[in-house]
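One structure is given below, encoded as structure tokens.
The values are calculated or read from the model by the stated rules, or taken from the named source; none is laboratory data. Note that the structure is predicted; figures quoted are calculated from it, not measured. For neighbour counting, all protein chains shown are included, and Cβ atoms are generated from backbone atoms with ideal geometry for every residue, glycine included.
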Amino acid sequence: MERPGYVYIMASDRNGTLYLGVTSNLAQRVLQHRDGVVAGFTRKHRCHRLVWFEAHESIESARQRELRMKEWKRAWKLREIEGLNPDWDDLYDRIALP
């Protein structure tokens, strides 16, 4: 059985720095970004706000979507975010388990 996958975008602030990633455990990965436990881009640029995500039936299809989106212009990513989340709210509370 294949694992589900998620493509997601973290942001430093509204219209700020963006990070596009893929994971099989969205809530856990977002917590890692928020807590800064992994050195790298999101910690350096303070991309701690989950502003967009998309669920996929498999991690492989999520990876393919991520690779396509990484080729997108920034304006296209902004339109994708604002289509789902026009106020750039932090969506973590919508995906976190109680």
Inset, instruction - Pick out the one residue from V51, V30 that is among the hydrophobic types (A, V, I, L, M, F, W, C), closer than 21 Å to A96 by Cβ and touching a residue at least 60 places away in the same chain (Cβ under 8 Å). - result: V30
Legend entry - All positions within region 89-98 that are assigned to a helix (DSSP H, G or I) and either farther than 15 Å from Y6 by Cα or in contact (Cβ under 8 Å) with a residue 60 or more places away in the chain (or both): Y92, D93, I95
Inset, instruction - Working only within region 30-61, note down all residues that are farther than 26 Å from E2 by Cβ and of a type in the set (G, A, S). - result: G36, A39, G40
Legend entry - Count - residues of region 1-58 that are of a type in the set (D, E) and closer than 18 Å to K77 by Cα: 2
Legend entry - Subset of region 44-61 that is of a type in the set (D, E, K, R) and surrounded by fewer than 20 Cβ atoms within 10 Å (Cβ to Cβ) - its residue that is nearest to E82 (Cα to Cα): E54
Inset, instruction - Could you tell me whether region 63-85 includes any residue that is touching a strand residue (DSSP E or B) at 6+ places or on another chain (Cβ under 8 Å), polar (S, T, N, Q) and surrounded by fewer than 15 Cβ atoms within 10 Å (Cβ to Cβ)? - result: no
Inset, instruction - Considering each residue of region 1-17, count those that are under 9 Å from the mean Cα position of the chain (by Cα) and either surrounded by fewer than 14 Cβ atoms within 10 Å (Cβ to Cβ) or of a type in the set (A, V, I, L, M) (or both), and give that number. - result: 4
Inset, instruction - Determine the pairs where a residue that is farther than 14 Å from M10 by Cβ and at pLDDT 95 or above, located within region 70-82, has a partner that is in a helix (DSSP H, G or I) and among the charged types (D, E, K, R) with Cβ atoms under 9 Å apart, the partner being 6 or more residues away or on another chain. - result: W72/E80
Inset, instruction - Mind checking which helices (runs of 4 or more DSSP H) fall wholly inside region 41-88 and carry at least 1 residues that are under 12 Å from the mean Cα position of the chain (by Cα) and over 20 Å from A27 (Cβ atoms)? - result: 59-70, 74-84
Legend entry - Qualifying residue in region 19-37 (condition: part of a loop (DSSP other than H, G, I, E, B), surrounded by fewer than 17 Cβ atoms within 10 Å (Cβ to Cβ) and modelled with pLDDT under 95): yes
